[in-house]
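Report on the following structure.
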Amino acid sequence: AQIPAPASVARALDLLKSAERPLIILGKGAAYAQADEAVRALIEESGIPYVPMSMAKGLLPDTHPLSAGAARSTALKDSDVVVLVGARLNWLLSHGKGKTWGEPGSKRFIQIDIEPREMDSNVEIAAPMVGDIGSCVEALLDGIRKDWKGAPQNWLETIRSKREANIAKMAPKLMKNTSPMDFHSALGALRTVIKERPDAILVNEGANTLDLARGIIDMYQPRKRLDVGTWGVMGIGMGFAVAAAVETGKPVLAVEGDSAFGFSGMEVETVCRYELPVCIVIFNNNGIYRGTDIDPTGRDPGTTVFVKDSRYDKMMEAFGGVGVNVTTPDELKRAVDEAMDSGKPTLINAVIDPAAGSESGNIGSLNPQSTLKKKGA
C-alpha cells in the first residue's frame, strides 16, 4: 500500500463535492490494481457516471446504469470535475485538451496514480492523489460516506438520455444480416458471443476493427479485454492470444483486422502446435481501412489494398487447425460458438464489404501530400 497524503484526500473531496457534473474515468491501472470492490463501491455509492477506457471495461459491466460509455462524447465535453482513476491524459483522451473536452478551462481534474510524475504531465491537475489505487479510492469512499449529497440528478438524466439515444441509434446497425457484412453487423454477432460467454478473453487489434469493437462489444468482467493500449502497437494480437490461453486456460476470442493480423499471423502455427483454445476472427475487407482505395500516383494496386478475396482460413488449415469462411453475421456467430465450445484452434475468415471502412482516427489531414501535385495545382 502507498497511502495518499491526508491533505490531498481532503482537497480532492472538496473539489468533488463542489461538482455539478462529475465524471469518473477508469483506466487500465484501475483494472490492474485489482481493487475491484472498492472501485465499484466508489461509483455506486457516489452515483457518479463513469467512462471506462478500453482495458478497464468490465470493472463494472458495460451495461451498468451508471456507465457513460455509450455517451462518452457528451460526458467528456460537458463534465466539470473529472476523477482519473489509473487513467492518463494521453492521446487516447486528447491530452485533456481540445474539442473533446468542451470549452477551454471548463474542467478540473482529480488524478489518482501511483506514479507522481504523471501529475500535470499534459494539463494542470487541480487535486493530485499519489498512492495505490485501492488506498486512494478507499480514502475517497470514507469521505463520501460522511456527507455526500449525491451526483446532481439533472446531470445523471443528461447522461442517461444521451446513452439511450445512442444505443437505440446503433441497434439496427448491429442487427443487420447482410452479405457481405460491414463492421457493425459482424461486431453485433461477436457482441452476443461475449455476452453469452463473459469469462472468455477478448483480444482486439486493427483500425476500424479496433475502433468500433471498443464501443460495440460490452464486457462484463474485469481484465478480460486486451488490445493495443496506450501505444497503439499493431502485431500484438497473436502474442496476446497465445499468452492469455496459456495463462488462464480459458477460451480466447481474437478479433483482428486483416492488416493487424498480417504483422504476426504466422503465430497461428504456435496456436496449432500447442492446441490452444484460440478462435481468431479476421475482418477481411481486402485492405487497410478499405479494399477499394486507388493509388493517387496511378500505380496499381494501391499500397493499402491487399490481395482480393484472400482466404486466411486456409492458413489455419495448413497447420492442422480449423478454418472457416463466413459471409453473414449468422454464419459468424455459429462458427465462433462452435470454436469456443470445441476449444480447437480455429481461424474464421469473416468477409467484410471492401467499401465499409473509413480512415481510422480521422487523420486524413495528416497524410503526406505530393509536393509536385501542389506545384501543379
Completion exercise
Listed by first then second residue, the pairs whose first member lies in the stretch 147-173 and is touching a residue at least 40 places away in the same chain (Cβ under 8 Å) and under 15 Å from Thr63 (Cα atoms), whose partner is crowded, with 18+ Cβ neighbours inside 10 Å and of a type in the set (Asp, Glu), with beta carbons under 9 Å and at least 6 positions apart or on separate chains, are Ile159/Asp78
Practice task
For Gly29, indicate whether it is of a type outside the set (D, E, K, R) and under 22 Å from Leu202 (Cα atoms).
Solution key: yes
Completion exercise
Of (1) crowded, with 22+ Cβ neighbours inside 10 Å; (2) assigned to a helix (DSSP H, G or I), Ile25 fails just (2)
Exercise for the section: Filter the stretch 307-341 down to the residues that are within 27 Å of the chain's Cα centre (by Cα) and without any contact (Cβ under 8 Å) to a residue 24 or more places away in the chain, then identify the one that is least open to solvent (accessible area, probe 1.4 Å). Expected result: Ala335
Practice task
Kindly indicate whether Ile112 is open to solvent by less than 10 Å² (accessible area, probe 1.4 Å), farther than 20 Å from Leu202 by Cβ and assigned to a strand (DSSP E or B).
Solution key: yes
Fill in the blank from the handout: Scanning the stretch 39-58 residue by residue, the ones that are in a helix (DSSP H, G or I), among the small types (Gly, Ala, Ser) and closer than 16 Å to Ala87 by Cα total 2
Practice task
Could you pull out every one of the helices (runs of 4 or more DSSP H) wholly within the stretch 230-301 that has 3 or more residues that are in contact with a Gly (Cβ under 9 Å, 6 or more places away or on another chain) and over 22 Å from Arg191 (Cα atoms)?
Solution key: 258-264, 268-273
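Just to verify a result, which residue in the stretch 241-260, among those that are within 30 Å of Lys308 (Cα to Cα) and among the charged types (D, E, K, R), is modelled with the highest pLDDT? Working first, answer last.
Filtering the stretch 241-260 for residues within 30 Å of Lys308 (Cα to Cα) gives 241-242, 252-260.
In the following step, the residues that additionally are among the charged types (D, E, K, R) were identified as 256, 258.
Values: Glu256: 95, Asp258: 92.
The qualifying residue modelled with the highest pLDDT is Glu256.
Scan the stretch 256-289 for residues that are open to solvent by 30 Å² or more (accessible area, probe 1.4 Å) and either within 22 Å of Asp199 (Cα to Cα) or in contact with a Leu (Cβ under 6 Å, 6 or more places away or on another chain) (or both) and report the count. Full working, then the answer.
Initial filter on the stretch 256-289 (open to solvent by 30 Å² or more (accessible area, probe 1.4 Å)): 259, 262-263, 266-267, 269, 273-275, 277, 288-289.
Narrowing further to those that are either within 22 Å of Asp199 (Cα to Cα) or in contact with a Leu (Cβ under 6 Å, 6 or more places away or on another chain) (or both): 274-275, 277.
Qualifying residue count for the region: 3.
Return yes or no: is Leu212 without any contact (Cβ under 8 Å) to a residue 40 or more places away in the chain and open to solvent by 10 Å² or more (accessible area, probe 1.4 Å)? Step through it out loud before you land on a result.
Working: without any contact (Cβ under 8 Å) to a residue 40 or more places away in the chain: yes; open to solvent by 10 Å² or more (accessible area, probe 1.4 Å): yes.
Yes; evaluated as a whole, the condition is true for this residue.
Let's see how each residue does on (1) surrounded by fewer than 17 Cβ atoms within 10 Å (Cβ to Cβ); (2) of a type outside the set (Gly, Ala, Ser); (3) assigned to a helix (DSSP H, G or I):
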site	(1), (2), (3)
Lys169	yes, yes, yes
Leu187	no, yes, yes
Pro198	yes, yes, no
Leu226	no, yes, no
Completion exercise
With criteria (1) of a type in the set (Gly, Ala, Ser); (2) assigned to a loop (DSSP other than H, G, I, E, B); (3) open to solvent by less than 20 Å² (accessible area, probe 1.4 Å), Ser121 comes up short on (3)
Practice task
Tell me which of these Arg145 doesn't satisfy, since it passes every other one: (1) open to solvent by 80 Å² or more (accessible area, probe 1.4 Å); (2) in contact with a Ser or Thr (Cβ under 9 Å, 6 or more places away or on another chain).
Solution key: (2)
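The values are calculated or read from the model by the stated rules, or taken from the named source; none is laboratory data. Just so it is clear, the structure is predicted and the values come from calculations on it, not from any experiment. When we count neighbours, we look across all protein chains shown, and the Cβ atoms used for this are built from the backbone with ideal geometry, even at glycine. Please note that ligands, DNA and RNA were not included when accessible areas were found on the heavy atoms of the full protein model with its side chains. Shrake-Rupley method; radii C 1.70, N 1.55, O 1.52, S 1.80 Å.
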